1. What full-extension length gain, to one decimal in nm, is calculated for residue 231 and residue 79 as 0.36 nm per residue of separation minus the Cα-Cα distance?
2. By how many degrees, 0 to 90 and rounded to 10, does the Cα axis of helix 89-107 deviate from the longest principal axis of the chain?
3. Using only Cα atoms and rounding to the nearest 10 degrees, what angle (0 to 90) does helix 38-52 make with the longest principal axis of the chain?
4. Given H placed 1.01 Å from N in the peptide plane, which residues other than close sequence neighbours of residue 55 have an amide H under 5 Å from its amide H?
5. How much mean residue ellipticity at 222 nm does the chain get from its helices, if each DSSP H run of length 4 or more adds -39500 (n - 2.57) and you divide by all residues, to the nearest 500 deg cm²/dmol?
6. Would you mind working out the magnitude of the charge dipole of segment 187-267 relative to its Cα centre, with +1 at each Lys and Arg C-beta and -1 at each Asp and Glu C-beta, to the nearest 20 Debye?
7. Along the charge dipole of segment 148-262, Cβ charges K/R +1 and D/E -1, which of 176, 162, 239 sits furthest on the positive end?
8. Could you pull out every residue, at least 5 positions away or on a different chain, whose amide H is within less than 5 Å of the one on residue 8? Hs are placed 1.01 Å off N in the peptide plane, and Pro or chain starts have none.
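Only the coordinates and a few stated rules stand behind these numbers; no lab work does. Quantities reported herein were computed from a predicted structural model and do not represent experimental measurements. Cβ placement follows ideal geometry from the backbone for every residue including glycine, while neighbour counts extend to all protein chains displayed.
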Amino acid sequence: MFVRSEESHFGIGYGSWFNPFLYIRAVYTVPEHRKCGVFKMLYRAVEGVARSQKITEIIMHTLCASTTPLELPSSVGFTRQVGIFSQTLAEYAESLPKIMEKYSTRWSQWAARDAIDGEAKYLLAGLTDIYHLEGYADKTDDMSTELEQAEEFVREKRAIIAFDRATNERLGLLTYAVGDVFPYGCGEFGKFSEKYLWCSYIWIEPKMRSSGVARYLYDQLFQRAKASGADFVGLDVFNRNSASWSFHEQALSFHPEVQLYSKFVEN
């Protein structure tokens, strides 16, 4: 089963994707035929539909806990594009004592606040840098839509700014959304069973990276998640941003839940 879409196939409130695509919702074959090339035949059929509609990209996902072999997407030419991660509030609370042991002195020098009117361009500058890190520098020529989204983050008080208490200097930012649908699948999977906060993007001033600011901003997000009655915090990381991938998985103990794969089709 697949669907044609132009909206972002992951995350919450990201708007349009860079180009129209086909999203494979599900692939199933009866057990006795799972090693007979049926998967590949089905994928080729979807490619044929994409070509007939002049669509150049096909996207699919695998669940990290699934028994479906994760090598299947790569066996038909798909490459991993995005990982979706999560961490429950209970897991974060369990890890917090060790985090505070390491960072409490440093964190005492910082504070956090909502972004204020006029700071949307600061958010946009951070997002522009993220696009470069994720290999989408060519998409930064026109950021008018992203500016509108940044203004919405500011207006709705969903942008957190970390700053130095002594100098008032900004250290980084984090924007977020409140999630109630599956954070992948173009909205095709409907409502999610739990409430969560979704980290839209996090950006740290270059000179403050590896100093604990990212952890501090996530702590602020987990506090807001707890206050809102959310069950967990979710986020996405592009495969191209390998440093961010390992940081979230290894240093911050976020769990990979879903992996999204992409394949470009020649027309």
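1. 51.6 nm
2. For helix 89-107, the angle is close to 40 degrees.
3. The answer is roughly 80 degrees.
4. Excluding prolines and chain starts, which carry no amide H, there are no hits.
5. -10000 deg cm²/dmol
6. 280
7. Of the options given, the answer is 162.
8. 15, 16, 17
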